[in-house]
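Derivation of every value follows stated rules applied to the coordinates shown; laboratory data play no part. None of these values were measured; they are calculated from a predicted model. A quick note on method: Cβ atoms are made from the backbone with ideal geometry, for glycine too, and the neighbour counts reach across all protein chains shown.
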Amino acid sequence: MKNAPVFALSQAVHLLPPKKGNARNSEGDFARLKDGRILFAYSRYNSDSSHDDATCDVAGLFSDDNGLHFSEDPVILVPASAHNTLNLMSVSLLRLQSGKLALFYLCKVGAFSEGYMRIANEEETAFGEAIKCFPVQDECYYVINNARVVQMSDGRLLIPAARHRLVENADGSMHGEYFADCRVYGSDDEGKTWQDMSGLIKMPNPGYSRTGLQVPGLLELPVGRLYQYFRTDRMFQFESFSSDRGATWSTPIPSRFTAPESPMLIRRNPYSGKYYAFWNPVPLYNGRLDPQTKWIHAGRNPFVMAVSENGLDFSEYTVIENEPEHGYCYPAVYFLGEKEMLLSYCSGGPEDDMCLTKTTIRRIILE
């Protein structure tokens, strides 16, 4: 397949810009509720700081007209205080094979982080008790990002997590090293218990990389193999394969997807069976960027989409957004039909302080 997707409609239906006391809205995911509404859950920061570790809750907006409009006032789905901490972020929503709706997020506790899952109640108006998806195994900081949790066709749940080694600061405090390896955590009982499925997945020739393997994502291919992709600083998303349900992985190598240090998302449309990839190509490396604006968007422009019949061979891309000096990243997608989808992504620019502080929800209809 070589032809790029063609848009019959591409329209921003909702914007979540930063404001006083709410310096950042980012990293979300979608699900349809039993009553027909669409839920968009996201990281809502509740102070004047947009730093990754600033105070943040998991919030939700609702659409009762199939994604044409979303509610203006957010509902707090899980407050950080429920974990006696300050920061919950990076939301994934997943309709399990049993029909239950699961919410996943990252909980930051001091220098460490933990992944949690909650199941919605029968009416899907609230989420139940928190289940820890992965424990602190070592002196490391683990990161799961938004829209990352997948359920295989055989029912196994998988969460890819980046592992950052903790190092000590001069004052004795700890921080996560920027370089990352990865682990894949799994559950065969719909999240009641979890285990490390893969051991460490490492970057080849790590001395040539500052990032290692960051923001891992997973996809089940038609033949039953698993495909994992990673953000790197090597001008490409790296890729790895597993043929044993996530237990062992091939050595990560550069994929066909050129990219700056920015996350990618690949998802299968259940209505058409086609696979859609969302990412940023490589303008960070072509000399366009200057030091004064680099921190605003980090080369995450343009934001593009490509399509595949098999999850491996993708078309040329179509540009979704490319407004100068804006950055576009951390996408999530919800398919409304064979040719219609909702897409969320960070979209900030100079007026928003940086790309991570503003989120756009966009409705796309394909020709």
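With the highest mean first, a sort of the peptides 54-60, 151-157 on other beta-carbon atoms found within 10 angstrom per residue produces 54-60, 151-157. The simple Förster model, with R0 at 30 Å and r as the Cβ-Cβ distance, assigns residue 132 and residue 95 a FRET efficiency of 0.90. Between residue 313 and residue 53, what FRET efficiency comes out of the Förster formula 1/(1 + (r/R0)^6) with R0 = 41 Å and r the beta carbon distance, rounded to 0.05? With a Förster radius of 41 Å, E is 0.55. Couplings 3J(HN,Hα) of region 325-336, computed from phi: 6, 9, x, 10, 6, 6, x, 9, 10, 10, 8, 8 Hz, in residue order, whole Hz [Karplus 6.51 cos²θ - 1.76 cosθ + 1.60, θ = phi - 60°; x for Gly and Pro]. Once both labels are positioned 7 Å from their Cα atoms along Cα-to-Cβ, the gap between residue 4 and residue 196 label points is 4.3 nm.
Taking 0.36 nm per residue of separation and subtracting the Cα-Cα distance, full extension of the segment from residue 178 to residue 73 would add 34.3 nm. One chain, two ends: residue 81 and residue 322. Fully extended at 0.36 nm per residue, the span grows by 83.0 nm beyond their Cα-Cα distance.
Ranked by the mean number of other Cβ atoms within 10 Å of their residues, highest first, the peptides 64-72, 112-120, 319-327 come out as 112-120, 319-327, 64-72. Each residue of region 353-359 was assigned a 3J(HN,Hα) from its phi angle through the Karplus expression (A = 6.51, B = -1.76, C = 1.60, θ = phi - 60°), giving 5, 6, 5, 7, 8, 10, 10 Hz with x at Gly and Pro. Cut-off under 26 Å on the C-alpha distance; same-chain residues fewer than 8 positions from residue 19 excluded. Which lysines are left, in chain and number order? Straight-distance partners of residue 19: 108, 294, 358.
With each label modelled as a point 7 angstrom along the Cα→C-beta vector, the residue 62-residue 282 pair spans 4.7 nm. Could you please report the charge total around residue 129, scoring K, R as +1 and D, E as -1 over all other residues with beta-carbon less than 15 angstrom from its beta-carbon? Counting the neighbours of residue 129, the net charge comes to +1. Within the shell of other residues whose beta carbon sits under 10 angstrom from the beta carbon of residue 85, the net charge comes to 0, with Lys and Arg scored +1 and Asp and Glu -1.
If you take the Cα centroid of region 294-322 and the Cα centroid of region 75-148, the two points sit 28 Å apart. Here the Karplus curve 6.51 cos²θ - 1.76 cosθ + 1.60, taken at θ = phi - 60°, turns the phi angles of region 196-213 into couplings of 6, 8, 10, x, 6, 9, 10, 6, x, 6, x, x, 9, 9, 8, 8, x, 9 Hz, with x standing for Gly and Pro. Taking the Cα centre of each part, how many Å lie between region 1-45 and region 199-224? Taking the Cα centre of each part, region 1-45 and region 199-224 sit 26 Å apart.
Using the Cα gyration tensor of region 173-273, with a ≥ b ≥ c the square roots of its eigenvalues, what is the shape: rounded (a/c below 1.5), prolate (a/b larger than b/c) or oblate (neither)? It is oblate, given that a/c is not under 1.5 and a/b is not larger than b/c.
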